[in-house]
1. May I ask you to order 23-30, 5-12, 571-578 by the average number of other C-beta atoms within 10 Å around their residues, highest value first?
2. Which of the peptides 124-137, 239-252, 360-373, 611-624 is most tightly packed, and how do the rest follow, going by the mean number of other Cβ atoms within 10 Å of each residue?
3. List every residue whose amide H lies under 5 Å from the amide H of Leu110, counting only residues 5 or more places away in sequence or on a different chain, with H placed 1.01 Å from N in the peptide plane.
4. In the structure displayed, which of Lys262/Lys286; Lys304/Lys360; Lys362/Lys694 lie more than 20 Å apart, Cα to Cα?
5. Search the structure for amide H atoms under 5 Å from the amide H of Gly205, placed 1.01 Å from N in the peptide plane, and list their residues when 5 or more places away or on another chain.
6. Enumerate the aspartates and glutamates that Lys703 could reach by cross-link, defined here as Cα to Cα under 19 Å, with residues fewer than 8 away along the same chain left out.
7. Let me make sure I get this right: for region 621-713, a, b and c are the square roots of the gyration tensor eigenvalues over alpha carbons, sorted descending. Under 1.5 in a/c it's rounded, otherwise prolate if a/b > b/c, else oblate. Which is it?
8. Could you tell me which trypsin sites (Lys or Arg not before Pro) in region 668-713 are loop residues by DSSP with no more than 12 other beta carbons within 10 angstrom of their beta carbon?
Amino acid sequence: MKPYVHEIEYRDPIDACAPLRDTPMTLLLHGAGGRWSYIAANPIATIIASADDGRAAFARARDWIADASVDACSNLPPFSGGVAGLVGYEMARAFDRAPRFAAPDGTPDLALGLYDCVAAFDHGTRRAFVVARHAVARRAQDRAHSFAHQLGVARTPTSAAGFGTLRAETALQTYETAVATIIARVRAGDLYQANISRRYTGRLGAGDHPFGLLSRLAAQSPAPFAAYMRLTNHALVSNSPERFLSVSRRNEGLHAFSQPIKGTRPRGATPVEDEANARTLLESKKDRAENLMIVDLMRNDLSKTCAPGSVRVPRLCGLESYANVHHLVSDVEGRLRDDADAFDLFAGAFPPGSITGAPKVKAMELIAVHEGAGRGPYCGSLAWFGSRWRHGFQRTDPYGYLQQGRRPLACRVQCGRRHRRGFRSRRRGARNHHQSRELEARHHWPRRRRSMTIWRDGEWINVSTDNDRGATLGDGLFETILWRNGTAVRLERHLARMRASAEALGLPAPEALTTIEAIIADLATRNALSQERAAVNLRLGVLGPRGLERHTPHVTLSARIAPAPASDTSIALATVSIRRNQTAPSARHKTLSYLDQIEARRQARTLGADEAAQLNTKDHLAGAAAGNLILIIKGRALTPPIADGALAGTVRAELLQQGLIEEASLAGVDIDNTEAAAITNAIFGVRAIHSWDKREFAVDHPKLVALRAAIEA
């Protein structure tokens, strides 16, 4: 549809929207301090849906964009018609395995409209336009002029009465107990951080209106992603500073961009105090660590739909100052794969990690337990899908979602982990800040000794701890190699995999890889493990605070050694809820970003098992958290294919090469028909599974015996 553009007199978008404030599906996206604000109303079609129908509803919205032929024009505002509206927090369960809760006060999980007419306000040039689309040019023109006449000109008077007394829906003691419980779970290693909120209920003052609240917020605390949306029985007011996601066209394709916020300080009463507060925030290890965790989470979320190697962080922990606070803001960006679009990107990243925690699903599970109710619009997103290559999504931090005069509020507490030490906390208003720093994933290494000698970039280093930020940030690759009888077993397979992954990620392979076997032998001697069965951890990582997103990364190679865990016992397996994304670029490589595997194993242990079995997003078996799986079905030894999310393990590759196992996609019915099963990895070879989801298996099945013999040989 060809757009018709009607220029109107520039005015404050809040003034312009005021006459439409009670019209259902009116949407104001107010960009204070930014370039654009938008008003959309009277959509030609709507979707009001629950999360149970969320995927189908999203598919319909995608079809709307295609059917309406909403083509982009370079001279139009970024949003000049398309799909827009509310995606509530509970929509997460349409995209992932999230807890089931209904949105509070009956707000819909999804409320989208197809808008053929939008008013756009350019704050940079102080010009305003109404853009309308229709297959018939005259109809588009009439629609634009009609909408222009509905817009207000002068500021609508609003009451300054505000709220009466606010009432917390959760007792303070209950809330503090929930926070203490989360801190204990963080200390225990169940998660890195979680955002726990507390709901309040109040009433608007006599004669006040939700739109008046927005107007006052815009005057007193302007935010770049403020919004107002009117539903049939509710009104949503949001004053968010955070851009969740945006998509735009660049020469190389569709470009995804996110700006997660973590780290806050108040503005100072004087310039000196203000500068000191900003400097304290920039130098805060706790706030930077908190920001890093969410940056890593956003990198992972973008990697689900972005091209391998394209996700980068051009800005880390930058300072942005608003009317009342300073924030630490990072930029995360990537190029979408050719087979992915903005709807795929949104589904893969929702809800924003900055308001859940990390790992995201585990944080959401604990949020559901301790908050005890749905969040609704709070911590969801207001989204617009414009042309086929221009889209924007902002986080909703509602100052109110209102129903018949009632207004729930929310404030949140953020809990973080500071390695394995204790916490210090302080209060500022209703928000607690707990000490948090980067964590390390340590599940590969038995901690038998307090000190060790490692090799790094040609130097022998004595260390008391095995610190490596890559375990948190995913900056690089690793291989775990068996050292047995003075030999690095299957070394060539390991190095070939590391070199191939390094090439895929654009990392140069260090020259030291050619002599790594001699380095490992020396490493074993220096750590008094030359005669033992040991596990060598080889890491090819990136130094510096910004890792792989640098244009020219500085690569570091390190090697560590420790006694290998026992391998002659069978194990219990449990299928966990954490899915493996078989389409993610990281699924093809053994990267240091193994947060999902750590969490999967922890979940398995809570189920009384030793190891976790993970399904992929299509409910096919992907593998174990720490290895590949082999199932004996009707006398055949079957293993999931790489396309289903299986890692290209070295033991698996050797057994495939010998023709002892074969690849096959395995669904639930196949697991039910399994006669015996085993897990394989480089350290313990083939290890029998004696129990899977409480079902017992024989550990001496002839096929398993033959597989173990082949690998030990």
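1. Values: 23-30: 22.5, 5-12: 15.6, 571-578: 20.8.
Ranking, from highest mean packing down: 23-30, 571-578, 5-12.
2. Details: 124-137: 16.7, 239-252: 18.9, 360-373: 20.4, 611-624: 22.3.
Averaged packing, sorted descending, gives the order 611-624, 360-373, 239-252, 124-137.
3. Sorted by chain and number, the residues that satisfy this are Ala49, Gly88.
4. Flagged as over cut-off: Lys362/Lys694.
5. Gly162, Phe163, Gly164
6. Once the sequence-local aspartates and glutamates are set aside, what remains near Lys703 is Asp568, Glu654, Glu662, Glu663, Asp670, Asp672, Glu675, Glu712.
7. rounded
8. Numbers: sites: Arg687, Lys694, Arg695, Lys703, Arg708; in loops: Lys694.
Loop-located and lightly packed - Lys694.
Where a number appears in this text, it was derived from the coordinates with a stated rule and is not lab data. Remember, predicted model here, so these are calculated numbers, not experimental data. A quick note on method: Cβ atoms are made from the backbone with ideal geometry, for glycine too, and the neighbour counts reach across all protein chains shown.
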